[in-house]
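Comments concern the structure below.
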Amino acid sequence: MSSGFLSKGGTIDEVIRACDHMARHRTGALIALERDVGLRSYVESGMMIDAKVSEELLLSIFDPHTPTHDGAVIITGDRIASCGSLFPLTQMTDLPTSVGTRHRAAIGLTEENDAVCIVVSEETGRISVSVFGKLTKALDLEDLKRILEGLFKQA
């Protein structure tokens, strides 16, 4: 993991700023942050990018007028590895009907590995995070930052 990942203006800050903008404009998004378990097969299911993470690039990818907006972005270190990637949907049957496809994909991916998924709901503008198959909904930006920093702290 690069040293700029958690630093001011680093990857986490760029992701949080993009999520804030998308939440306010009700732009749906699904962003997976790779941790120890590689996400190569999921990266290959999308369009490979390999670009530095930036708020502007994330906003462009998830713009509803672009062909890339429907799938997921996968971030590896401080790089966007792919966009338009497809994740397995959770098989959980006890989820409320309000939990949409993006949220089900976030849970599905994180049931299989240690990735962290951030979801921005286009219906509500709310931000959620899924880790180890558990979804935490309706986070504010401070909660999001605290959770991400806690999950990505150097050991």
Solvent-accessible area, 1.4 Å probe, carbon plus sulfur percent, for the chain: 52 percent
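Mean separation of Cα pairs under 8 Å and 6+ residues apart, divided by the residue count of region 80-136: what relative contact order is that in percent?
Relative contact order of region 80-136: 28 percent.
Once you compute Rg and the Kirkwood Rh from C-alpha atoms, what is the Rg to Rh ratio for region 22-77?
On the way: Rg = 11.5 Å, Rh = 12.0 Å.
Using Cα coordinates only, the ratio equals 0.95.
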Long-range Cα-Cα pairs in region 88-132 (distance over 18 Å), rounded percent: 21 percent
Surrounding net charge for Val43, when Lys and Arg each add one and Asp and Glu each subtract one, Cβ distance under 11 Å: -1
Amide H within-cut-off set for Glu122, under 5 Å, with H built and near neighbours excluded: Gly28, Ala29
Placed amide H near Ile49: partners under 5 Å, 5+ positions off or other chain: Ser82, Cys83
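Quick one: Kirkwood hydrodynamic radius for region 1-127, alpha-carbon pairs, angstrom, one decimal?
On the way: mean 1/r = 0.0691 Å⁻¹.
14.5 Å is the Kirkwood radius here.
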Rounded, prolate or oblate (a/c below 1.5 giving rounded, otherwise prolate when a/b exceeds b/c) for region 70-109 by Cα gyration tensor: prolate
Å² of accessible area per residue within the chain, as computed with a 1.4 Å probe and no ligands counted: 50 Å²
Ordering of 124-130, 37-43 by burial proxy (mean other Cβ atoms within 10 Å per residue, highest first): 124-130, 37-43
Peptides ranked, highest mean first, by Cβ atoms within 10 Å: ranges 66-78, 107-119, 89-101, 141-153: 107-119, 66-78, 141-153, 89-101
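The values are calculated or read from the model by the stated rules, or taken from the named source; none is laboratory data. Fair warning: this is a prediction, and the values are worked out from it, not measured in the lab. Neighbour counts are summed over all protein chains in view; Cβ atoms, including those assigned to glycine, are modelled from backbone coordinates with ideal geometry. Only protein heavy atoms, including side chains, enter the accessible area calculation; ligands, DNA and RNA are left aside. Shrake-Rupley method; radii C 1.70, N 1.55, O 1.52, S 1.80 Å.
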